[in-house]
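Visitor: My questions all concern the structure below.
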Amino acid sequence: MVQDHLDPCFVADMMLGKLARWMRVLGYDVWYKNPVDDETLLAMAREWHRVLMTRDTRLVRRRGVGEYMLIRENDPMDQLMEVVRAYPPDPGHVLGRCVRCNTLLVSAGKEDLKERVPEHVCLTESKFGRCLKCGRVYWQGTHYRQMVRTLRERVGVEEMQERLL
Ligand SMILES: [Zn+2]
């Protein structure tokens, strides 16, 4: 199978939990588990043609490692900038993925979400995204706006199509 470089998928090592979450915010498909052993990481990368994201120079020297990216920065936002430079995000996917479990969100109406969303949110917000796997609901609250601001100001990601929310 040939890796589609327009839409690569990733697997992140245990040290990159924060990066993995922020990558999901930007819409990247990132497999992450903690704890996880090296064999599983390598197998996930190899069998699913995922780019291995790691800080471990020893790991990338292992036999059979495919495409990988060695993360050099310490700060998660600097790490995110490294990723964005190497693999520019697709604006159509930004903010379209569940940060907790990596599943694509579907749009949802208020009527479906009454039990999951605080009442004041239901009154003030009209657009919601929902993860069908873990049930988490997303809306354009303060936290969401803060994330958008961080992406713009800190990471320099300007283009985002707020597809689902
Ligand atoms: Zn989820």
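Please treat every number below as a calculation from the coordinates, not as lab data. Not measured: the values here are computed from a predicted model. Note: ideal-geometry Cβ built from the backbone for every residue, glycine included; neighbour counts use all protein chains shown.
Visitor: Using 0.36 nm per residue of separation minus the Cα-Cα distance, give me the extension gain between Cys122 and Arg154 in nm, one decimal. Don't jump to the answer; show the numbers that get you there.
Guide: On the way: separation 32, 0.36 × 32 = 11.52 nm, distance 3.03 nm.
Computed gain between Cys122 and Arg154 is 8.5 nm.
Visitor: Would you mind telling me which residue in Gly109, Gly27, Gly92 has the biggest mean-square fluctuation in a Gaussian network model of the chain, where springs connect alpha carbons within a distance under 10 angstrom?
Guide: Gly109
Visitor: Can you list which of the trypsin sites (Lys or Arg not before Pro) found in the stretch 5-37 are DSSP loop residues with at most 15 other C-beta atoms within 10 Å?
Guide: Hits after loop and neighbour filter: Lys33.
Visitor: For the chain, please report how many Lys pairs fall under 20 Å Cα to Cα, leaving out neighbours fewer than 8 apart on the same chain.
Guide: 6
Visitor: A follow-up question, please. List the chymotrypsin sites (Phe, Trp or Tyr not before Pro) within the stretch 27-66 that DSSP assigns to loop and that have no more than 13 neighbouring Cβ atoms inside 10 Å.
Guide: Counting only loop positions with at most 13 other Cβ atoms within 10 Å, the chymotrypsin sites (Phe, Trp or Tyr not before Pro) in the stretch 27-66 are Trp48.
Visitor: Nothing charged except the Cβ atoms of Lys and Arg (+1) and of Asp and Glu (-1): what's the magnitude of the dipole of the chain about its Cα centre? Round to the nearest 20 debye.
Guide: 280
Visitor: Within the stretch 68-159, report the trypsin sites (Lys or Arg not before Pro) that DSSP leaves as loop and that have at most 14 other Cβ atoms within 10 Å.
Guide: When the trypsin sites (Lys or Arg not before Pro) of the stretch 68-159 are filtered for loop state and at most 14 Cβ neighbours within 10 Å, Arg72, Arg100, Lys114, Arg116, Lys127, Lys133 remain.
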